[in-house]
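Notes to accompany the following structure.
The values are calculated or read from the model by the stated rules, or taken from the named source; none is laboratory data. The structure displayed is predicted, hence computed values, not measured ones. Glycine also receives a Cβ, built like all others from the backbone with ideal geometry; neighbour counts cover every protein chain displayed. Note: areas computed on protein heavy atoms with side chains; ligands, DNA, RNA excluded. Shrake-Rupley method; radii C 1.70, N 1.55, O 1.52, S 1.80 Å.
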Amino acid sequence: MSVLRRPLLALARSGRVKEALTTLPVASSVVRGYVPGESTDDAIRATARLLDDGLAVTIDHLGEDTLDAEQAEATTRVYLHLLDQLAAHGLARRAEVSLKLSAVGRALPGTGTDLALENAHRVCEAARAVGTTVTLDMEDHTGVDATLTILRELRREHPDTGAVLQAYLRRTEADARDLAYEGSRVRLCKGAYDEPSGVAFQTREEVDRAFVRCLRILMAGQGYPMVATHDPRLIRVAGSLASRHGRHRGTYEFQMLYGIRPEEQRRLAGDGETVRVYVPYGTDWYGYLTRRLAERPQNLSLFVTSLISKK
Ligand code: FAD
């Protein structure tokens, strides 16, 4: 973990900083590097290009933490439209969607879990109708139990619903064991939120070691591991664990974020690996972008330059 990560994530929560940064048009150079655009058409165009390059895709409509049932309904409809468009453009076979439960109502007091389950269920039904799948993104640690409960419910009817586990959480090895069963699609990532030491490992070394332990469990298990990292060392470890466990290509996949290490994405795909690119789109890019900047403080200078020049 970068030493700057925690202060950057804290700074990003300040209302004034948010106001200053969100006045930047989405077209500013830094945002554009991570988010292909605001509209569903932009996402579809980016997806078509990536698929042409031999990559697979998972699309995320940006937005999180809604406390408003109408907003949750609007987000659900955006996903239904997106799935419809994927099918209309013949892209649904190699493009799925990633869904944040807090964007479809999980955080609503009282009724949140039920509402998020109902909305996520509608998205899963629509995905199945066009021949693709849904993966439930994982958010901060306070939502992990609710997310895994909703996942279990969804998997009764939609066993191909993907889960996400974050290696930085101390609980995750146990969750990985629970989820390493046949047919279980599990994305393993390091984790992107600012979590307290009581629940999460804090140093890069600890997180990397935890990632490898979880990867061992998932690769040895019966499920379908989705290795979501840009870290060259962990990508190598994943490859060797896959061979050690006699897994052939297509029984696991790599995943990376749109705009990050694109040459590596193409290199792995050229080697015959399945590589899925996470494509976020929409107007609500602030939370996503600040997490990416906190991971890579070098990008801040680019960001400040674009802020000053108001490109
Ligand atoms: P790092 O150690 O952060 O990076 C390794 C190398 O990758 C760096 O040295 C650098 O070369 C490159 N790199 C990394 N980040 C950047 C950047 N921002 N800009 C440029 N280069 C960079 N987190 C969640 O908490 N929940 C989720 O549901 C979730 N879903 C994800 C889905 C996918 C497909 C991916 C790839 C990540 C997801 N994440 C999610 C984010 C993840 O938890 C990490 O925060 C993020 O991937 C950075 O960690 P890393 O494994 O790439 O390792």
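Find out how many positive minus negative residues lie around ASP208, taking Lys and Arg as positive, Asp and Glu as negative, among other residues whose Cβ is under 9 Å from that of ASP208. Spelling it out: positives minus negatives among the neighbours equals +1.
Amide H to amide H, with H built 1.01 Å from N, ALA200 comes under 5 Å of ARG170, counting only residues 5 or more places away or on other chains.
For the set THR76, THR23, solvent exposure ranked by accessible area (probe 1.4 Å, protein chains only) runs largest to smallest as THR23, THR76.
Once fully extended, how much extra length lies between ASP53 and ARG266, figured as 0.36 nm per residue of separation less the alpha-carbon to alpha-carbon distance? Show your work: numbers first, answer last.
Values: separation 213, 0.36 × 213 = 76.68 nm, distance 0.73 nm.
Once the chain is fully extended between ASP53 and ARG266, it gains 75.9 nm.
Given their separation in residues at 0.36 nm each and the Cα-Cα distance between them, ARG13 and ARG249 gain 80.8 nm when the chain is fully extended. Rounded to the nearest 0.05, what FRET efficiency do ASP145 and GLN202 give with R0 = 25 Å and r taken as the Cβ-Cβ distance? Could you check? The formula returns an efficiency of 0.70 here.
If I compute solvent accessible area with a 1.4 Å probe over the protein chains, what percent of it on the chain is carbon and sulfur? Could the numbers behind the result be given before it?
Details: 7150 of 13800 Å².
Answer for the chain: carbon and sulfur cover 52 percent of the accessible area.
Can you give the FRET efficiency to the nearest 0.05 for ALA220 and THR22, using r as the Cβ-Cβ distance and R₀ = 51 Å? Walk me through the intermediate numbers first.
On the way: r = 44 Å, r/R0 = 0.87.
E(calc), rounded to 0.05, equals 0.70.
Taking all protein chains as shown and a probe of 1.4 angstrom, HIS245 keeps an accessible surface of around 80 Å². Our estimate of slack between ASP231 and TYR181, defined as 0.36 nm per intervening residue step minus the Cα-Cα distance, is 15.4 nm.
Classify the chain as rounded, prolate or oblate from the Cα gyration tensor: take a ≥ b ≥ c as the square roots of its eigenvalues, call it rounded if a/c is under 1.5, otherwise prolate when a/b beats b/c and oblate if not. Don't skip to the answer; put the middle values down first.
Working: a/c = 1.22, a/b = 1.12, b/c = 1.09.
It comes out rounded by the Cα gyration axes.
Show me 232-238, 217-223, 187-193 ranked by packing, highest mean number of other Cβ atoms within 10 Å first.
Details: 232-238: 15.6, 217-223: 19.1, 187-193: 22.1.
Highest-to-lowest ranking by the protection proxy: 187-193, 217-223, 232-238.
Taking a virtual spin label 7 Å from the Cα of ARG296 along the C-beta vector, which residues in segment 121-155 bring their backbone nitrogen under 15 Å of it? The answer is none. Residue by residue, segment 180-192 carries 3J(HN,Hα) couplings of 8, 9, 4, x, 7, 8, 10, 8, 9, 10, 6, x, 10 Hz when phi is fed to the Karplus relation 6.51 cos²θ - 1.76 cosθ + 1.60 (θ = phi - 60°); x denotes Gly or Pro. Scanning the chain for DSSP H helices at least 15 Å long along the axis (C-alpha atoms) with a Kyte-Doolittle mean no lower than 0.5 picks out 299-309. In this view, the solvent-accessible surface of SER14, computed with a 1.4 Å probe and all protein chains in place, comes to about 40 Å².
Counting only protein chain heavy atoms and rolling a 1.4 Å probe, the accessible areas of ASP208, ASP41 rank, largest first, as ASP41, ASP208.
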